[in-house]
Every structure is written in structure tokens, then in C-alpha cells.
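Worksheet for the structure shown next.
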Amino acid sequence: MNIDSFIKSKSGCISKDTKDGMLILSPDEKYLYILKGCAVDVWTRSSGKKTLKQIIEEISLEFAMDFNKARKDILDFLKDAIQENPPLFVLSKNPVQ
């Protein structure tokens, strides 16, 4: 996965903060996802205007994490999230609207 790609969370989803993380309901209301930890931070930052690398840098600085550790944790999460059907995120070489 190229960390220089722009990343955008799935359009049309409904999100709800919980005390332990976030619930994401797919636009067709068929799928409910539960996000916790850094997955919530990735979701909220994925506007399509930032690269994955920028988001990893922000999260590693905010939580005083080693960049490589943050990258590994986030990429592990995204590998699954992008393979979901429907995927939770879109990756692009260019900014995404």
C-alpha cells in the first residue's frame, strides 16, 4: 500500500461516537462497522485531501508514537478495511472529493 496515496473514508456512511470508539453504518444500512483506537483517528482524518503518510505523521505526533509503529498499526487496519465489501476507504493518486 502506497502511503503517498490520498485517502478518503467511504461517502454516505453514518458515524456515531461511542465511549469506546465509533460505529459506522454503511450507506445502504446493511453493514455496521466498529472502529477503535487509531482506526477512529484514521476515519476522522480521511477527507480525501490528505495523504496516508500525512495522517500517519499526525497520529504519531499526537499520540507520541514512533512513526514506524504507527504506520504498521494503521496499514494493518487499512488492509482489512479496504478489502471489506463495501470498502471503508478509497485510495487515490490524487486528492479525492
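The values are calculated or read from the model by the stated rules, or taken from the named source; none is laboratory data. These figures come from a predicted structure and were not determined experimentally. Cβ sites come from the backbone with ideal geometry, for glycine too, and all protein chains shown count toward neighbours.
Being farther than 11 Å from Ser5 by Cβ, out of contact with any Ser or Thr (no Cβ under 7 Å at 6 or more places or on another chain) and modelled with pLDDT of 95 or more is a property that holds for Ser60. Taking the criterion of being among the aliphatic types (A, V, I, L, M), free of Cβ contacts under 8 Å to residues at least 60 places away in the same chain and at negative phi, the residues of the range 56-81 that qualify are Ile56, Ile59, Leu61, Met65, Ala70, Ile74, Ala81. Scanning the range 22-74 for residues that are more than 21 Å from Lys93 (Cβ to Cβ), surrounded by fewer than 16 Cβ atoms within 10 Å (Cβ to Cβ) and either among the hydroxyl-bearing types (Ser, Thr, Tyr) or in contact with a strand residue (DSSP E or B) (Cβ under 7 Å, 6 or more places away or on another chain) (or both) yields Leu23, Leu25, Tyr31, Leu32, Ile34, Thr44. The set of residues in the range 3-52 being charged (D, E, K, R) and either in a strand (DSSP E or B) or over 12 Å from the mean Cα position of the chain (by Cα) (or both) consists of Asp4, Lys8, Lys16, Asp17, Lys19, Asp20, Asp28, Glu29, Lys30, Lys49, Lys50. Inside the range 57-72, residues that are in a helix (DSSP H, G or I) and touching a Cys at 6+ places or on another chain (Cβ under 9 Å) make up a count of 2.
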